[in-house]
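Student: Got a structure for you, questions after.
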Amino acid sequence: MDEKVQLIDDEEIITLFDEDDKPMDFYEVAVVEYEDELYALLQPAEDIEGIADDEVVIFRIEETEGEDDDFFYPVEDEAVQEAVFEEYLRATSDDECDEESCDGCPSAEGCDKKK
C-alpha cells in the first residue's frame, strides 16, 4: 500500500454543507497526499443530485490547529482531480495487480510490475 494513501474502512458519516447550507452526508473512502496537500475522496451516503451512488467527490482538506473539525474545499481543477484519483487507484491496485499481466489493472499505464 502506498504511504501517501490512507484507506478509510469505517462507516463514519461526514456531513458537509452546500452553498444553500443544506447538509449532505458522505462516507470517507480515502485520504490522499498529493503535492504536499491532503485530499479526501468522499462517496455519497445518501442520494445527492448530480452525484452517482458509486462516484467519489474529491475535496482538499485544510486541517485547523486546536480545533476538532477540518475544512473541506471542493477541488474544481480537473487535472488535480485526475492526479489525486490516479494516486488512489495506484495505491489500491497494488494488491490486486497480477505481475504476469496488467490487463484490466486501473493503473496499468504507470504500473511498475508490468513486464
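The values are calculated or read from the model by the stated rules, or taken from the named source; none is laboratory data. These numbers come from a predicted model, not from an experiment. All Cβ positions, even for glycine, are placed from backbone atoms using ideal geometry, and neighbour counts span all protein chains on display.
Student: Out of the residues in region 28-77 meeting the condition of being closer than 14 Å to Val5 by Cα and of a type in the set (Asp, Glu), tell me which one is surrounded by the most Cβ atoms within 10 Å (Cβ to Cβ).
Tutor: Among those that are closer than 14 Å to Val5 by Cα and of a type in the set (Asp, Glu), it is Glu28.
Student: Sticking with this one: Mind checking which pairs have a first residue in region 33-58 that is within 14 Å of Ile13 (Cα to Cα) and at pLDDT 90 or above and a second that is surrounded by fewer than 20 Cβ atoms within 10 Å (Cβ to Cβ) and of a type in the set (Ser, Thr, Tyr), Cβ under 8 Å, 6 or more apart or different chains?
Tutor: What qualifies is Leu42/Tyr27; Gln43/Tyr27; Pro44/Tyr27; Ala45/Tyr27.
Student: Within the bounds of region 9-27, is there any residue that is acidic (Asp, Glu), under 12 Å from the mean Cα position of the chain (by Cα), at pLDDT below 95 and surrounded by 10 or more Cβ atoms within 10 Å (Cβ to Cβ)?
Tutor: Within region 9-27, none of the residues are acidic (Asp, Glu), under 12 Å from the mean Cα position of the chain (by Cα), at pLDDT below 95 and surrounded by 10 or more Cβ atoms within 10 Å (Cβ to Cβ).
Student: Report every pair of residues separated by at least 6 positions or lying on different chains whose Cβ atoms are under 7 Å apart, first residue within region 12-30 and polar (S, T, N, Q), second surrounded by fewer than 16 Cβ atoms within 10 Å (Cβ to Cβ).
Tutor: Partner pairs satisfying both residue conditions: Thr15/Pro23; Thr15/Asp25.
Student: Quick test of your reading of the structure: Leu89 fulfils all but one of (1) out of contact with any Ser or Thr (no Cβ under 7 Å at 6 or more places or on another chain); (2) closer than 20 Å to Leu7 by Cβ; (3) of a type outside the set (Ser, Thr, Tyr). Name the failing condition by number.
Tutor: With respect to (1) out of contact with any Ser or Thr (no Cβ under 7 Å at 6 or more places or on another chain); (2) closer than 20 Å to Leu7 by Cβ; (3) of a type outside the set (Ser, Thr, Tyr), Leu89 is out only on (1).
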